[in-house]
1. Take the residues in region 322-373 that are crowded, with 18+ Cβ neighbours inside 10 Å, under 18 Å from the mean Cα position of the chain (by Cα) and of a type in the set (A, V, I, L, M, F, W, C); name whichever of them is nearest to the ligand (Cβ to nearest atom).
2. Test Asp438 against the criterion of being under 30 Å from His364 (Cα atoms) and touching a strand residue (DSSP E or B) at 6+ places or on another chain (Cβ under 6 Å), and give yes or no.
3. Go through the residues of region 143-154 one by one and say whether even a single one is more than 38 Å from the chain's Cα centre (by Cα), away from the ligand (no atom under 16 Å from the Cβ) and not in a helix (DSSP H, G or I).
4. So Gly110 ticks every box in (1) touching a strand residue (DSSP E or B) at 6+ places or on another chain (Cβ under 9 Å); (2) in contact (Cβ under 8 Å) with a residue 12 or more places away in the chain; (3) not in a helix (DSSP H, G or I) but one. Which box is left unticked?
5. Give region 298-336 a look and list any residue that's among the small types (Gly, Ala, Ser) and touching a Phe, Trp or Tyr at 6+ places or on another chain (Cβ under 6 Å), or say none.
6. Do any residues in region 316-334 that are at pLDDT below 95 have Cβ atoms under 8 Å from those of residues that are within 10 Å of the ligand (Cβ to nearest atom) and in a strand (DSSP E or B), where the two are at least six apart or on different chains, and which pairs are they?
7. Within region 348-374, work out how many residues are touching a residue at least 60 places away in the same chain (Cβ under 8 Å) and among the acidic types (Asp, Glu).
8. Name the one entry in Lys268, Lys277, Lys238 that is away from the ligand (no atom under 15 Å from the Cβ) and of a type outside the set (Val, Ile, Thr).
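The values are calculated or read from the model by the stated rules, or taken from the named source; none is laboratory data. Please read these numbers as outputs of a predicted model, since none were measured by experiment. Here the Cβ is made from the backbone with ideal geometry for all residues, glycine too, and neighbour counts use every protein chain on show.
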Amino acid sequence: MDFKTAVANEILAALKAAFGEVEIPPADIAAALEIPPDTAMGDYAFPCFKLSKALRKSPMMIADALAGAIHADFLGKVESVKGYLNFFIDRAIYAEKVIGLALEQGERYGADDSGAGKTVVLDYSSINIAKRFHIGHLSTTMIGNSLVRLHRFFGWNTVGVNHLGDWGTQFGKMIAAYKRWGDHDAVAAGGVDEMVKLYVRFNAEAEQNPALNDEGRAWFKKIEDGDPEALEIFNWFKAVTLKDAERVYDMLNVKFDSYAGESFYNDKMQPVIDALKEKGLLVEDQGAQIVDLTDYGMPPALILRSDGATLYMTRDLAAAKYRKDTYDFDKSLYVVAYQQDLHFRQLFKVLELMGYDWASKCEHVSFGMVSFGGESLSTRKGTVVYLDDLLTQAVEKARAIIDEKSPDLENKDEVARQVGIGAVVFFDLYNNRIKDIDFTWERALNFDGETGPYVQYTHARACSVLRKAGDVDRSAPDFAALSDPFSQDVVRLIEQFPDILKSAVNRSEPSMVTRFSVDLAQAFNKFYYENKVMVDDPGTRAARLMLTDAVRQTLKQALYLIGVEAPERM
Ligand code: ARG
């Protein structure tokens with residue numbers, strides 16, 4: 001039951017009864033309905049001021065007349081107050097409808113199939129080869145992961161792309177360094193760290209001996225030309241980096257459908273360059289080829305360097321076209337930090353100038369920076385925070401808290417993993433994505449704050465209540481027992497869940513789900529504090545258990561959608 005529509009229908013019928021034929025579309029009435037800031041003023045309010053002119057009556061008189069004409073079972077009370085018509089939904093019916101629907105739809109509660117038959121491509125995480133997965137890549141990974149889950153929930157077909165940074169002259173230098181000083185077993189064992197060491201040494205020695213740079217360039221040329229030895233080493237570097245990254249992805253439970261990175265587009269850029277030429281968009285500027293964007297208030301997009309080399313932009317143009325041709329997307333999202341705002345504005349503008357109408361379906365999902373306050377992290381390199389170190393520490397810290405709080409818990413390691421990693425992910429997705437984040441352990445792991453552990457703990461509490469109740473009879477719930485303000489607050493939040501999810505998808509904003517989960521957890525804890533669940537009265541008990549079950553299910557779903565696990569015991 002959609003209460004808003006039902007209220008609008010009642011108003012329309014009352015208008016006709018009291019004032020004869022009135023020409024107002026029902027949707028306009030629904031749109032005019034307000035949600036009063038305080039539930040003491042009702043669940044919905046209808047302002048009668050706009051009707052005043054057409055009906056030639058004062059708003060107060062209209063509200064009085066309508067209040068007298070409305071009698072519906074689902075409405076506990078209708079009041080006329082100063083030109084407003086205030087509607088109070090019958091508390092028991094409200095609880096019955098909302099909780100009933102949530103439990104009936106189960107895991108699909110809040111979902112619809114608005115995305116069925118549609119495809120969204122999501123470019124996220126997109127790490128760089130031969131670099132360690134550092135904290136800067138946490139937000140793109142987790143926002144992207146959440147957006148994948150949210151879109152799937154609404155029936156979209158999703159394509160997750162890890163657009164690897166696997167192109168550039170630095171890879172030639174790395175091969176040169178490896179050929180001079182490298183050791184196969186050391187790189188295989190040391191992974192990315194070992195590759196970084198080689199690269200650092202190369203740059204240090206090249207300062208004394210500039211000829212090294214020529215060597216690096218020569219190796220890069222070999223990669224470009226497809227020289228077998230160069231490619232073998234380069235591909236091996238990639239495999240080693242990905243193996244390291246895979247550990248982190250496993251911890252976070254994040255997956256991709258494609259790892260087509262920058263180098264994948266080596267042979268796909270010429271057609272794009274040709275198309276740019278054909279459309280007269282390419283102009284020469286000091287030997288380089290650019291697209292002039294002065295008319296759009298942006299610096300030029302660089303397409304070819306003066307030595308003919310392609311750029312990040314060139315590859316992104318080819319990638320966008322490839323994604324359209326391959327996946328025929330309805331939406332293409334790029335989850336990339338705000339430092340690249342200009343790059344994506346340029347990219348989308350050039351696509352538009354090329355005449356691709358699908359350019360409007362591309363969207364940059366921008367986000368702020370993560371920094372660290374409080375305790376510094378013990379990494380070999382001082383200030384740089386590596387993601388696997390952070391996650392490992394989070395799990396250790398969670399383990400210590402669990403040892404203290406729940407010494408008898410059975411699967412402590414597993415729960416510590418879920419809580420520690422959940423705390424980091426939750427913290428990352430708690431604020432509006434464009435805000436910068438300052439991470440501290442105290443705030444991320446606080447079991448009483450607005451945190452992952454708090455929501456997980458509340459979910460586990462609901463599980464525990466239901467477990468203890470066992471198969472107690474729930475067949476004759478008395479929903480009037482959910483009329484108190486604490487139960488009603490919980491019911492109202494559960495009713496809002498579907499709308500919250502829709503907004504989160506439409507705005508690419510997982511934090512709406514994160515925030516919601518805290519609101520619901522807080523409301524449930526208040527309810528639980530005020531109301532005993534396992535009372536003697538079977539109707540009250542059944543209703544409270546059903547509410548608890550709906551909370552359990554909704555919290556679990558909300559956490560899943562932001563990529564956080566929900567242990568049943570903590
Ligand atoms: N590898 C890039 C970086 O770490 C992000 C790539 C984003 N995706 C893209 N299609 N440009 O900054």
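1. Here the residue is Val336.
2. yes
3. So far as region 143-154 goes, no, none of its residues is more than 38 Å from the chain's Cα centre (by Cα), away from the ligand (no atom under 16 Å from the Cβ) and not in a helix (DSSP H, G or I).
4. If we test Gly110 against (1) touching a strand residue (DSSP E or B) at 6+ places or on another chain (Cβ under 9 Å); (2) in contact (Cβ under 8 Å) with a residue 12 or more places away in the chain; (3) not in a helix (DSSP H, G or I), just (1) comes out false.
5. The answer is Ala318, Ala319.
6. none
7. So the count comes out to 1.
8. Every option except Lys277 fails the conditions.
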